[in-house]
4 protein chains.
Amino acid sequence: MDEAAAQPDPAQDEEARPRTRIQRRNTQAILDAALEVFSAQGFRGATLDQIAEVAGLSKPNLLYYFASKEAIHVELLSGLMDTWLDPLREMDPEGEPEAEIMAYVRRKLQMARDYPRESRLFANEILQGAPRMRAAIEGELKDLVDEKAEVIRGWQAAGKIAPVHPYHLIFSIWALTQHYADFDMQVRAVLGPEGADPFPEAGRFLDTLFGRLLAP
Amino acid sequence: MDEAAAQPDPAQDEEARPRTRIQRRNTQAILDAALEVFSAQGFRGATLDQIAEVAGLSKPNLLYYFASKEAIHVELLSGLMDTWLDPLREMDPEGEPEAEIMAYVRRKLQMARDYPRESRLFANEILQGAPRMRAAIEGELKDLVDEKAEVIRGWQAAGKIAPVHPYHLIFSIWALTQHYADFDMQVRAVLGPEGADPFPEAGRFLDTLFGRLLAP
Amino acid sequence: MDEAAAQPDPAQDEEARPRTRIQRRNTQAILDAALEVFSAQGFRGATLDQIAEVAGLSKPNLLYYFASKEAIHVELLSGLMDTWLDPLREMDPEGEPEAEIMAYVRRKLQMARDYPRESRLFANEILQGAPRMRAAIEGELKDLVDEKAEVIRGWQAAGKIAPVHPYHLIFSIWALTQHYADFDMQVRAVLGPEGADPFPEAGRFLDTLFGRLLAP
Amino acid sequence: MDEAAAQPDPAQDEEARPRTRIQRRNTQAILDAALEVFSAQGFRGATLDQIAEVAGLSKPNLLYYFASKEAIHVELLSGLMDTWLDPLREMDPEGEPEAEIMAYVRRKLQMARDYPRESRLFANEILQGAPRMRAAIEGELKDLVDEKAEVIRGWQAAGKIAPVHPYHLIFSIWALTQHYADFDMQVRAVLGPEGADPFPEAGRFLDTLFGRLLAP
DNA sequence: GATGAATGAGCGTTCATTCAT
DNA sequence: AATGAATGAACGCTCATTCAT
């Protein structure tokens, strides 16, 4: 999971993706460079020149692999959605409720730490009204949240966790974990140089927060 | 309180701002339009043409009032910082600790509701590494947070609230409230049409969350 | 003769020029400022803003006195031509030939010293093919040169001065004197700080040069 | 010898200049067009559109070869200085003094005839205070003049030529030769159609002038 | 597969000029 | 007599994209 727009399931490439090794390598280089640039500058703020330079390719060569700037962006986002939802997907309805949610929080925080660029790419997209991701949000993402909210409701009905609003509970997990990626600059500026890595403390803080919130 | 870059204290204009009515009107129209466009598209994504159209002015006329596109952005941001920190500033060291923090959360959520564009403008800026706001973040903002963290620590030492990490407590308030402005699109998409206004429920949720977190 | 575009004959104003004192003062301020700016930046390089600032007037006020930027320039040039030719006009056919020419050289050098901006304005205009002065060059100026060339030819026929080409003699006087105004920057750079004022030495040099050239 | 910013030594291109034929051709076309336009309109008066049209290229294509309008101008000027000083550089300290100077005058007049655009480009630059050439004037140019002035002083000390001021002697050569390029329009207007080519007569005139001036 | 060359569309900005007062 | 306000036209420049090889 160190690549750009991590693709957990390489099998999905079978049809759409190029075959030769060189193509795969360049495609990945482009996506990785694009992630770097798009996440830092936004879609319009990024230029193909920047992406090409980071990728170590010529600009026309970029467009040999992707039809357009937008196509790169779309590819990045569509590759992202699955990865993005994985931590939630893994929440096991059969597991121990509080532990399941706490584990979800930790996975999500881990993602914010390991994939801050993906988080910012996503944040940029949502901030601008999700012009290229609306369908995935209203479909895939909403469906999964609906499903998991139902699970949570079940847990609550069984008295295993406190009866807080399931959707807002999920929002709160997103907000609190992604904040450390998206507002990283601010977090570090406020904590100052001594607290170089905010994540360990953030992990403990969120443990406390959700522990208290969920206690039945 | 529906204007761009809300100025709670209109008296501050007396010196720095232009005098004639027409100037005040156009300057405000530009700032309001710019807020609309910058918050939705980011700095580079926004164009003067868009801003001019929203403001109902010609493009050169924009530049009659502001020296450059950047100057408009800077004006917006600098006007924003004060407003942005006001809810925290109002937190009274002499007040009742839990109530003070809960009131801060509610003020902050209210701001997310009333000024979502300002919140997104701010989020855009931080996401991109705060190229035009770094100084204010590292100065003004950090200073206030340092001060208030000390207050919180005092309350905790006195056993009035739970001894959670003061800085992360503040981050959590920011994250949880601003999320409803910045990720508004996603929140609404997930909640679906029935929960048209997410804020009342969000308010209740945050009351519970921080009530449980802070209980000594 | 310290004003812009010196007008030796104030009588010519009678009709065309404004009457009130304030108007006369502003008109002069504009022309003086315009001379300053046009001579240093060329016509297209100069802006009305610059001229307005130097003149201490508002930009629309400039256009209250002159119909357009071009009108200011034309006024400047047309006012200049007479002054420009005066030194040559004064050359007296009845005078002592060599002394007359030497005196002309000295008057011309004096003008280069006293009116370098006028000289540069003129040079700019000619350099660019005299788009706004062609008529005056082909008419007024050529006529005077033709007349004086004839005088010189007479002096030469009488054996009073050496029989050098009269037109090129006049060109050489122009070139050698105006050079000290037009290429002032270069002259000073080459001579270095010690020779702060190049004109006295230039005067002696030209005396020698034309003395030897004209000796019969 | 009809190219822009004449490069007498094509070998100097080897490293710095682009390699492909197409690049060389377009680069030259741009420089030639720019020389045409800059020399006639000045830097600010010239537009990239004009240059592009003369060069037969699109405007963005100009900027594919040169980083900016200013970069074209600078390239033109920096290429010019060497060529400009060559005639003086060739003046041989070991040669016969009067003949050396006379030959310099003729070379310089030849340059005015063959490269009038370069002369006007240079004149424009100096007229405006040499904003982009100051360093070269105060360095390269001044150094060469200092050196050659010393040579002339040596010749004068040896009684080979008249003891006129060496610097003003050089200025006079510049003024008298460049005048025929820079003020070409005026020269032709005054001489009228019959004397279509002023240069032959100018050559004879300058021969006489400097012959008499330098005779010991 | 890959790239140097080229461009149309659009960007932020400047500026001479006009308008309203 | 003067100026704040406004703008159309154009400017230098950027950029995603296309073309030719």
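Please treat every number below as a calculation from the coordinates, not as lab data. Keep in mind it's a predicted model, so treat the numbers as computed, not measured. Positions of Cβ are generated from backbone atoms using ideal geometry, with glycine treated the same way; all protein chains shown enter the neighbour counts.
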Treating the angle as unsigned and between 0 and 90°, give the value, to the nearest 10°, between the Cα long axis of helix D:199-214 and the longest Cα principal axis of chain D. 40
For the Cα atoms of chain B, what angle does the longest principal axis make with the long axis of helix B:142-157, in degrees from 0 to 90, nearest 10? 20
Per the helix-only model, chain A has a calculated mean residue ellipticity at 222 nm (DSSP H runs of ≥4, -39500 (n - 2.57) each, divided over all residues, rounded to the nearest 500) of -22500 deg cm²/dmol
Measuring from centroid to centroid over Cα atoms, what is the spacing of the stretch B:124-188 and the stretch D:180-207 in Å? 80
Let me see the P(r) profile for the stretch A:170-216: every Cα-Cα distance counted, bins of 5 Å, each bin given as a percent of all pairs. 5, 19, 27, 24, 14, 7, 3, 1
List the distances, in nm and shortest first, from the label point of C:E70 to the matching label points in every other copy, placing each point 7 Å from Cα along the Cα-to-Cβ direction. 3.0, 3.7, 4.5
Scan chain A and report its longest stretch carrying no GluC sites (Glu not before Pro) that are both in a DSSP loop and have at most 15 other Cβ atoms within 10 Å. A:95-216
Compute for the protein assembly as shown: radius of gyration divided by Kirkwood radius, i.e. Rg/Rh, restricted to C-alpha atoms, rounded to two decimals. 1.16
When Rg is the radius of gyration of the Cα atoms in the stretch D:88-159 and Rh is its Kirkwood radius, what does Rg/Rh come to? 1.04
Eligible lysines near A:K160 by straight Cα distance, threshold 27 Å, same-chain separation 8 or greater: A:K108, A:K142, A:K148
Can you spot the lysines whose alpha carbon is less than 20 Å from B:K69's alpha carbon? Ignore those fewer than 8 places along the same chain. B:K59
Distances in nm from A:R132 to the matching label points in the other copies, shortest first (labels 7 Å along Cα to Cβ): 2.3, 3.9, 5.2
Measuring label to label, 7 Å along Cα→Cβ, what does C:V54 give against each other copy in nm, shortest first? 2.6, 4.2, 4.9
Treating only the Cα positions of the stretch D:80-214 as identical point scatterers, give the base-10 log of I(q)/I(0) from the Debye formula at each q in 0.15 Å⁻¹. -0.76
Provide the net charge surrounding B:D49, with neighbours chosen by a C-beta distance below 12 Å and charges set as Lys +1, Arg +1, Asp -1, Glu -1. +1
Based on the Cβ-Cβ distance from A:A196 to B:R44, what FRET efficiency comes out when R0 is 41 Å, to the nearest 0.05? 0.85
Round to the nearest 10 and give me the degree value, 0 to 90, for the angle of helix A:116-127's Cα axis relative to the longest principal axis of chain A. 90
Chain B: most fluctuating residue of B:R21, B:R188, B:R107 per GNM, C-alpha cutoff 10 Å: B:R21
Before anything else, pin down the relative contact order of chain B: Cα pairs under 8 Å, at least 6 apart, normalised by residue count, whole percent. 22
